[in-house]
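Below is one structure, written out as structure tokens; comments come after it.
The values are calculated or read from the model by the stated rules, or taken from the named source; none is laboratory data. Just so it is clear, the structure is predicted and the values come from calculations on it, not from any experiment. Don't worry about glycine lacking a Cβ; one is built from the backbone with ideal geometry, like all the others, and counts go over all protein chains shown. Accessible surface areas use protein heavy atoms only, side chains included; no ligands, DNA or RNA. Shrake-Rupley method; radii C 1.70, N 1.55, O 1.52, S 1.80 Å.
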Amino acid sequence: MEKLLSVSFGDPEAKKIQKYEASGGYKMLRKAIAMQPQKIIDEVKASKLRGRGGAGFPAGVKWGFLPKDAETVYLVINADEGEPGTFKDRTLMKWDPHRLVEGAIITCMAIGAHHAYIYIRGELVEEASILETAISEARQRGFLGRSVLGKPFPLEITVHRGAGAYVCGEETALINSLEGRRGMPRLKPPFPAVAGAFMKPTIVNNVETISYVPIILGMGGEAFASLGTEDEGGLRLIAVSGHVERPGVYEVPCGTNLMEIINDVAGGVRGGKALKGVIPGGSSTPVLLPDECDVPFSVSGMGGAESIAEVEVWDGRKFEVMAGRTLRSSPGSGAIIVMDETVDMVHVCARLMHFYAHESCGQCTPCRVGTSWLNRLCHKVDHGEGAPADLEQLALIADGIAGKTICPLGDAAAWPMLGFLTKFRGEFEAKVSGNKKEGA
Ligand SMILES: Cc1cc2nc3c(=O)[nH]c(=O)nc-3n(C[C@H](O)[C@H](O)[C@H](O)COP(=O)(O)O)c2cc1C
Ligand code: SF4
């Protein structure tokens, strides 16, 4: 299978600048210096590169949202990676830090930013130190500082360590945290491209998104695009975990069949057991049943926003959050969690609800109250202490959160709750059957 971003994974020498340069590293920076910024943006647009932080927004289009007359622009690289199941950015920064540094410098030149921040999850101590070393090597080579390789373009990259809050991966919470404020999401609009870090126009992109930029300049936007699907170019990293023979980080063309990823790339379900469910794109994406995994691993292939539909869950109640039994999900941040027949799905759901209740910043009521309520109720059902009415209550609470909060963390709790509840309803019912008492 072709590799672009993962060629150096496993090579301890690759993080050194000498090795990176020997294998063609920083050549694209030299090329970019001679290019008009708009030409770089055009190549990224042509590449059909979508953001790899979860939402899948086209990177070149986002860059185009910056006001044309902005005097100060910032690039913020999101290395927070805190969602359960995610570990691809950490792997990328560990093995190939210069790819990110080169991508950051080229992106800054394209968007006119003289300062880039890499906001890295606090727990990633080793990766933060690897990045610091790579940045100082790049500075010694003249790629950073008062000029970039002699071109009068002052540029600095700062590594900023977070303090372990998942919500700080949300771009506006991240910006608040970067500024020294509490890491709470901001109301949008204004979007960061208009008023972001220090209220200046800011582009926030994921580590993987930015790391693909030198590769795109090297092979050309169209060639990169042709490796993926019609509306999602190139390859992408995936982090496969759970009950597979070969868990790990892999690089696959966008749109690769999810079942092929599980069976061929990750070696199939561990120990020959049967597949029970798959969380396809990090814990915020709704779980899929085995017969729903024969889908292209891409934003349009798995539905995403377009799949949101009114659906009757049960008892005539309608929810406008997901498409029920044939729920289409999302490749999200590429974190595929595979669960075999031995897994207690109610327990998994309860564990996830605990996570979201703990990580809610508490700023808006549906999320603050709803996630805690889901957590308590799910926990009760999981321990066999729930009543049948609790299941309906879980659905109603989730429906009361989805789409009604300041940031998508609320949805990130509600969607998986509804996914588990509708797909594995029988397991939830089994845990409450025989309990006659009223729901919470
Ligand atoms: C609760 C929450 C956590 C998030 N965590 C991350 C993260 O760790 N890394 C990331 O790149 N994006 C994360 N995002 C998405 C960012 O808000 C943003 O969309 C992304 O960084 C943009 O980069 P991209 O366009 O390159 O994907 C998170 C979003 C939410 C709502
Ligand atoms: S949805 Fe949750 S995490 Fe997001 S702003 Fe509201 S309370 Fe905070």
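Summary of values
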{"read-out": "For the chain, share of DSSP beta bridges that run antiparallel, in % to the nearest 5", "value": "50"}
{"read-out": "Where a label projected 7 Å from the Cα of residue 123 along Cα→Cβ would reach, residues of segment 88-112 with amide N under 20 Å", "value": "88-95"}
{"read-out": "Distant-in-sequence amide H partners of residue 115 (H built 1.01 Å from N, under 5 Å)", "value": "75, 156"}
{"read-out": "The chain: angle of helix 37-46 to the longest principal axis, Cα-based, in degrees nearest 10", "value": "40"}
{"read-out": "Long-range HN-HN contacts of residue 160 with modeled amide H, under 5 Å", "value": "118, 119, 120"}
{"read-out": "Accessible area per residue in Å² at 1.4 Å probe, computed on the chain", "value": "40"}
{"read-out": "Gain in span if fully extended, residue 226 to residue 433, counting 0.36 nm per residue against the direct Cα distance", "value": "69.3 nm"}
{"read-out": "Where labels lie 7 Å past Cα in the beta-carbon direction, separation of residue 182 and residue 392 in nm", "value": "3.7"}
{"read-out": "Length gained when the stretch residue 194-residue 274 is fully extended (0.36 nm per residue, less Cα-Cα span)", "value": "23.9 nm"}
{"read-out": "Straight-distance crosslink candidates among aspartates and glutamates, where the alpha carbon sits under 20 Å from residue 431 and sequence neighbours closer than 8 are dropped", "value": "315, 340, 341, 344, 382, 385, 390, 392"}
{"read-out": "Per-residue HN-Hα couplings for segment 242-256 [Karplus 6.51, -1.76, 1.60; θ = phi - 60°; Hz; x = Gly/Pro]", "value": "x, 8, 10, 5, 10, x, x, 9, 10, 10, 9, x, 4, x, 4"}
{"read-out": "Accessible surface of the chain, 1.4 Å probe, proportion on carbon and sulfur as whole %", "value": "53"}
{"read-out": "Hz values of 3J(HN,Hα) by residue in segment 406-417 - Karplus curve (6.51, -1.76, 1.60), Gly and Pro given as x", "value": "5, 10, x, 4, x, 4, 4, 8, 5, 5, x, 4"}
{"read-out": "Burial order of peptide ranges 375-387, 195-207 (average beta-carbon count within 10 Å, highest first)", "value": "195-207, 375-387"}
{"read-out": "On Cα atoms only, tilt of 345-359 relative to the major axis of the chain in degrees", "value": "50"}
{"read-out": "Crossing angle, helix 207-219 versus the chain [Cα axis fit, 0-90 degrees, rounded to tens]", "value": "50"}
{"read-out": "Cα-projected label distance for residue 136 with residue 21, points at 7 Å along beta-carbon direction, nm", "value": "1.8"}
